[in-house]
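The values are calculated or read from the model by the stated rules, or taken from the named source; none is laboratory data. Every value quoted in this text rests on a predicted model; they were computed, and no experiment measured them. Please note: Cβ atoms are built from the backbone with ideal geometry, for glycine as well, and neighbour counts cover all protein chains shown. For the accessible areas, the whole protein counts, side chains as well, though only heavy atoms, and no ligand, DNA or RNA atoms are used. Shrake-Rupley method; radii C 1.70, N 1.55, O 1.52, S 1.80 Å.
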Amino acid sequence: MKKVKKVKDKVNDGQDDDPWWWLVQEGIRPSFLCISLFALLVRVSVGLHPYSGARTPPKFGDYEAQRHWMEITLNLPPKDWYRNSSVNDLSYWGLDYPPLTAYQSYVHGVFLKTFDPDSVALFTSRGYESYLGKLLMRWTVLCSDVLIFFPAVLYFVLVYRSMRFGMGQNGDVAWHIAMILLNPCLILIDHGHFQYNCISLGLTIAAIAAALSQKDLVASVLYCLALNHKQMSAYFAPAFFGYLLGKCLRKKNPLLEVTKLGLMVIGTFAVVWWPYLQSKDAAFAVLSRLAPFERGIYEDYVANFWCTSSVLVKWKKLYSTQSLRIFSLAATLITCLPSMVQQILAPSSKGFLYALLNTSFSFYLFSFQ
């Protein structure tokens, strides 16, 4: 018995000396705080390095795209943000994301104008690459991450932890937090190339957490905001639609529940799109920028099904853009439909998470662009 006790003491002593073991035993919030600080350090470190297109005319890379959107939204009325004109040449980094991205650019543009007005001056700021301007832009990305993505991740982890199928040990919680916050793709794209995917992904993660915690109306609003920030959020639309509709159909008054969800969706879109609902031309101007079919079914650096299989089948040469749009739509719907239908027929929290995975893969592999 004494030998067994000594062995246990040695094991415990070894665990007490291990900072990771100590961290995970403290609970979710301390783990999240420590991992978040490290994740912030990684993001700042990435931001210290160069980015593609720097000092390379005529378009100057990703930094110039985001800076130009701030310039346009700050100096022109909303009705002119998506319309080609003498003051807004859409061939030069024209806005091609939904209105919420434009509003975000406006807010960040106000921030840049406060400290470096030359960086967002109309026309004269093209190709403007001052150290201060880049530093301010880095801060807008970092603040967006901290204010939206990080809280959403904490919300999701807390909800996921409470589910029966969730993580069993605190160590699992810490690893899951690290996997999300230290995702190299998100860090490199956002903090290496001045992108704001953290906003749309943060809203999506928060919507998932709200749906799992039975806050369906909140989930609808959050997901609609994600859709209105970046159209890539549509990857998850079939899963959300199937899960929320399936839950509504199983309640006492399904028609009322579906109506409430519908009103929340319509209301959210109406608020975001209000400046463009005044005329058909304004609305279609935005829509035409969100679906750039003229670029073709894939671009050279997009490793989806169409790009990969083009080694054997020359899709762009054999078929018209209209035909490829139909092929793409059919392939995407066929591959994501089973998950959506399954959730309508038998909605469950675990099934919802699998549906999110399946539908996102379907869109990534087969959708147009």
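Highest-first packing order for the peptide set 334-347, 59-72, 94-107 is 59-72, 94-107, 334-347, based on the mean count of other beta carbon atoms within 10 Å.
Candidate membrane-span-like segments in the chain, meaning DSSP H helices with Cα atoms spread over at least 27 Å of their own axis and a Kyte-Doolittle mean of -0.5 or above, are 28-47, 254-273, 321-345, with no membrane implied. With a cut-off of 15 Å between beta carbons, the residues surrounding VAL258 carry a summed charge of +3, where Lys and Arg count +1 and Asp and Glu -1. Here P(r) over Cα pairs in 20 Å bins from 0, in percent was calculated from the structure, and among [x] 24, 54, 19, 3, 0; [y] 29, 60, 11, 0; [z] 24, 41, 25, 8, 1, 0 it sits at label [x]. Loop-located trypsin sites (Lys or Arg not before Pro) across the stretch 199-277 with a Cβ neighbour count of 12 or fewer within 10 Å are ARG250, LYS251, LYS252, with loop assigned by DSSP. When the solvent-accessible area of the chain is split by element, carbon and sulfur atoms take up 68 percent of it, the probe being 1.4 Å. Qualifying chymotrypsin sites (Phe, Trp or Tyr not before Pro) in the stretch 140-231, where qualification requires a DSSP coil assignment and no more than 10 other C-beta atoms within 10 Å, comprise PHE165.
Kirkwood Rh over Cα pairs of the stretch 214-368 into Stokes-Einstein at 4 °C, 1.567 mPa s: D in µm²/s?
75
With K and R counted +1 and D and E -1, the other residues having a Cβ less than 11 Å from that of LEU154 yield a net charge of +2.
Set the bar at 29 Å for Cα to Cα. Now go through LYS252/LYS280; LYS134/LYS316; LYS113/LYS215; LYS230/LYS260 and name every pair that lies beyond it. Correct reply: LYS252/LYS280; LYS134/LYS316; LYS113/LYS215. So if I take the centroid of the Cα atoms in the stretch 87-120 and the same for the stretch 221-255, what is the distance between those two points in Å? Between the Cα centres of the stretch 87-120 and the stretch 221-255 lies a distance of 30 Å.
Quick one: if you take sqrt(5λ) for each eigenvalue of the C-alpha gyration tensor of the stretch 296-360, what semi-axes come out, biggest first, whole angstrom?
30, 13, 8
Rolling a 1.4 angstrom probe over the protein heavy atoms with all chains in place gives the chain an accessible area of 53 Å² per residue. What is the stretch 166-278 by shape, rounded, prolate or oblate, if you read a ≥ b ≥ c off the alpha carbon gyration tensor as root eigenvalues and call it rounded for a/c under 1.5, prolate for a/b larger than b/c, and oblate otherwise? It comes out oblate by the Cα gyration axes.
Each peptide among 203-212, 44-53, 116-125 gets the average number of other Cβ atoms lying within 10 Å of its residues, and from highest to lowest they stand as 203-212, 116-125, 44-53.
Going highest first, how would you order 234-246, 176-188 by mean Cβ packing within 10 Å?
The densest-packed peptide leads the list: 234-246, 176-188.
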